[in-house]
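Just below is one structure, and these are the notes that go with it.
The values are calculated or read from the model by the stated rules, or taken from the named source; none is laboratory data. Since this is a predicted model, take the numbers as computed values, not measurements. FYI the Cβ positions are ideal-geometry reconstructions off the backbone, even for glycines, and counts take in every protein chain you see.
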Amino acid sequence: MKTLVVYPNKELLYAASTLGGEITALVFSQKEAEALAGKAHRILVAEIDPKSPDAVAEAVIKAFPGHDLVMLPSTKNARTVGGLIAQRLGAEFLTDVLSLRAEGGVIKAERYVFGNKAVATVEAQLPAVVSIALGRFQGEPPTVQSIVERVEEVAIAPKVKILSVEEKPRGAVKLEEAEIIVSVGRGFKKKEDLQMAFELAKVLGGQVGCSRPIAADLKWLPEEHWVGLSGKKVKPKLYLAIGISGQPQHIAGILDSRIIAAINNDPSAPIFQNADYGVVEDLYKIVPILINKISKLKAK
Amino acid sequence: MKVAVLVKTALDTGQLRVRDTVVIEETPFKISDIDRNAIEEAVKLKGQDKAYGVTVVKWGPLQKKIQEAENVLREALAMGLDEVYLVVDEKLLNASHTATAKAIAAVIKKVGADIVLAGEATVDNFTGQIPARVAAELGWPVVTYVRELKIEGGRVVAKRDLEDHVEVVEAPLPVVVSVTREINQPRIPTLLAIRAAMKKPINKLTLADLGIDITPKISASYRPLVIQRKKIIIKDGTPEEKAEKLIQYLRQEGVI
Ligand SMILES: Cc1cc2nc3c(=O)[nH]c(=O)nc-3n(C[C@H](O)[C@H](O)[C@H](O)COP(=O)(O)OP(=O)(O)OC[C@H]3O[C@@H](n4cnc5c(N)ncnc54)[C@H](O)[C@@H]3O)c2cc1C
């Protein structure tokens, strides 16, 4: 098995190492190559703009001969690169895989499908392309001898030209790492009312998350708070969903939470089917009480 | 501007039929949600020209699913597409993504387009790879995750919405563009539009019509995801009592 890891990070390198065989990491600067020393058998440097999926795809195609598998992270640009190269290689592209096995020329992977209501076990012939679901492959890649080489003359005048790049505003929110998340949904009537959730999160020592409409439609919170299929995938020890109905696309982001608790005034809200503890109550009545009681508890 | 829209007749995951396994044959189709945004954008862009939809039926049984796909596509026509191409062939059931993209690209080559629009991903599989694959197959540039789109002098200028940043990019036509749900508010067709859609053409094509052959299939099995949660519901008592109970439980679990 020879795996080409693009946009390499620890998780990808570990995932690749579980397949055995040789690992090549494709990077886009000398500096990146130095940082990776000892973590891949070969380190290939292609000096191109990693933000350009076109250019990265060209570099991957150039570097691919001799490999069986391309491994990518589950980012939007990596997904674009994956689609481009998979078609050119005539290969399958298994996205967001949860597990991975190679057996006699075939790669086997599991992934969530159908709005995260089912798990698919998919088999594809090598060569293939895979992208790894975030946070699923945790371990240390073994230390190896590295050789560094350059990918010469990647013929690229990218067809898509980047005119400007604007960083999204980043707060202190790191939902992926939060141990406790108090998450808000459309059960909140006004933006100002979210203050309650922030207070509750504060007394619990947690962060505030939200459902899609709060960030995307109402824009009451920046997108970094957005949890779900198209938002953040989180794995706190406590996820407290307040005024969230629990649509599958939201649940998709919280499957790995240890305990899910929910507050909703509708006893038939689907969130209760996906929660360990559900409270049927008006959030406006119970959240202030919770803030009060928990802050007293913590003060002890 | 001649526009092609990739309209996936996707499995309606809200109505997933589950027994011991997922019963795909019995799960109905619907338009993949984000494709509605692509249709909306196409209808806005097309001007005097035409916008057509392309779908590949990927699930069987074929006869039943063709009927369902037609019904679903009527909705896309009611939103303002002028015609649709429904690619159906036994060989496309459970086809690999490579094969699906080949079939889609073959329709686009046949009918022509200045721009191909698609949703960022489909609601059943959510792999988001088809737009890039179709672009690769056509040899066109691809611009993914677009939340704002303009056409200016033979080029698209688009705002791409990525994880940590927003990019403005430009690319020459013809081009493949995938859009996010934020790009627009898809229209709800009027009764009049729904009636008019009954008269618009649904063209059925086989691989032979497209002059291509496809073999690779993908092997996949599906099992329902059973979520093991305790489902303890606190519904009796005053808000005060309920809060107390919840706190008790959460303390027992050691999470607060
Ligand atoms: C392709 C696609 C991707 C999507 N991705 C995501 C995603 O990543 N994340 C996401 O969250 N959604 C996503 N969605 C949207 C999702 O389907 C739902 O529309 C959304 O999650 C609903 O948000 P909500 O629960 O806040 O609102 P609603 O569904 O409106 O629910 C509000 C809830 O609040 C309760 N409520 C109202 N008043 C009170 C009160 N006073 N006290 C207590 N409870 C109250 C109501 O009973 C209701 O259950 C996606 C949809 C699609 C089609």
Subject >> the stretch A:235-257: number of residues that are within 28 Å of A:Arg111 (Cβ to Cβ) and in contact with a Leu (Cβ under 7 Å, 6 or more places away or on another chain) >> reply: 4
**OP:** Go through (1) at pLDDT 95 or above; (2) more than 11 Å from chain B (Cβ to nearest Cβ) one by one and return the number of the condition A:Val173 breaks.
**Re:** (1)
**OP:** Look through A:Ile214, A:Ile244, A:Ile263 and report the one residue that is at pLDDT 95 or above, part of a loop (DSSP other than H, G, I, E, B), buried (at least 18 other Cβ atoms within 10 Å of the Cβ) and within 13 Å of the ligand (Cβ to nearest atom).
**Re:** A:Ile244
Original post:
What are the pairs, 6+ residues apart or on separate chains, where a residue within the stretch B:65-77 that is in contact (Cβ under 8 Å) with a residue 40 or more places away in the chain has its Cβ under 6 Å from a residue that is among the β-branched types (Val, Ile, Thr) and in a helix (DSSP H, G or I)?
Top reply: B:Ala76/B:Ile39
**OP:** Scan (1) without any contact (Cβ under 8 Å) to a residue 24 or more places away in the chain; (2) within 11 Å of another protein chain (Cβ to nearest Cβ) for the single condition A:Gln125 breaks and write down its number.
**Re:** (1)
Original post:
What number goes with the only condition from (1) over 30 Å from A:Leu163 (Cβ atoms); (2) in a helix (DSSP H, G or I); (3) within 14 Å of the chain's Cα centre (by Cα); (4) within 14 Å of chain A (Cβ to nearest Cβ) that B:Thr98 does not pass?
Top reply: (3)
**OP:** Kindly indicate the residue of the stretch A:217-231 that is more than 10 Å from chain B (Cβ to nearest Cβ) and near the ligand (Cβ under 9 Å from one of its atoms) and also modelled with the lowest pLDDT among those meeting that condition.
**Re:** A:Gly231
Subject >> Filtered residues of the stretch B:231-246 (kept if more than 7 Å from chain A (Cβ to nearest Cβ) and small (Gly, Ala, Ser)) >> reply: B:Gly237
**OP:** Assess whether A:Lys168 counts as being facing chain B (nearest Cβ under 7 Å) and without any contact (Cβ under 8 Å) to a residue 12 or more places away in the chain.
**Re:** no
**OP:** Output yes when any residue across the stretch A:252-260 is surrounded by fewer than 17 Cβ atoms within 10 Å (Cβ to Cβ), away from the ligand (no atom under 13 Å from the Cβ), in contact (Cβ under 8 Å) with a residue 24 or more places away in the chain and more than 24 Å from B:Ile227 (Cβ to Cβ), and no when none is.
**Re:** no
Subject >> Among residues of the stretch B:29-49, those that are crowded, with 17+ Cβ neighbours inside 10 Å, away from the ligand (no atom under 16 Å from the Cβ) and part of a loop (DSSP other than H, G, I, E, B), counted >> reply: 1
Original post:
What is the residue count in the stretch A:8-23 for residues that are crowded, with 20+ Cβ neighbours inside 10 Å and in contact with a Ser or Thr (Cβ under 7 Å, 6 or more places away or on another chain)?
Top reply: 2
Subject >> Matching residues in the stretch B:235-256 - criterion: being of a type in the set (Gly, Ala, Ser) and either under 22 Å from A:Ile180 (Cβ atoms) or crowded, with 20+ Cβ neighbours inside 10 Å (or both) >> reply: B:Ala243, B:Gly254
Subject >> Members of the stretch A:184-195 that are crowded, with 20+ Cβ neighbours inside 10 Å and either within 14 Å of chain B (Cβ to nearest Cβ) or under 26 Å from B:Arg147 (Cα atoms) (or both) >> reply: A:Val184, A:Gly185
Original post:
Only one of these conditions is not met by B:Glu182: (1) at the interface with chain A (Cβ under 10 Å from one of its Cβ atoms); (2) within 22 Å of A:Arg170 (Cα to Cα); (3) at pLDDT 95 or above. Which number is it?
Top reply: (3)
Original post:
Filter the stretch A:152-195 for residues that are part of a strand (DSSP E or B) and among the hydrophobic types (A, V, I, L, M, F, W, C); which is farthest from the ligand (Cβ to nearest atom)?
Top reply: A:Leu163
Original post:
Residues that are under 30 Å from B:Leu62 (Cβ atoms): which strands (runs of 3 or more DSSP E) entirely in the stretch B:123-209 hold 2 or more of them?
Top reply: B:175-179, B:202-205
Subject >> Selection count, the stretch A:266-300, where residues are more than 7 Å from every other protein chain (Cβ to nearest Cβ) and assigned to a loop (DSSP other than H, G, I, E, B) >> reply: 5
Original post:
On the given criteria, is A:Gly246 on the phi > 0 side of the Ramachandran plot, outside the structural domain of A:Thr75 (by TED's automatic domain parsing) and free of Cβ contacts under 8 Å to residues at least 40 places away in the same chain?
Top reply: yes
**OP:** Kindly establish whether A:Gln30 is without any contact (Cβ under 8 Å) to a residue 60 or more places away in the chain and more than 14 Å from every other protein chain (Cβ to nearest Cβ).
**Re:** yes
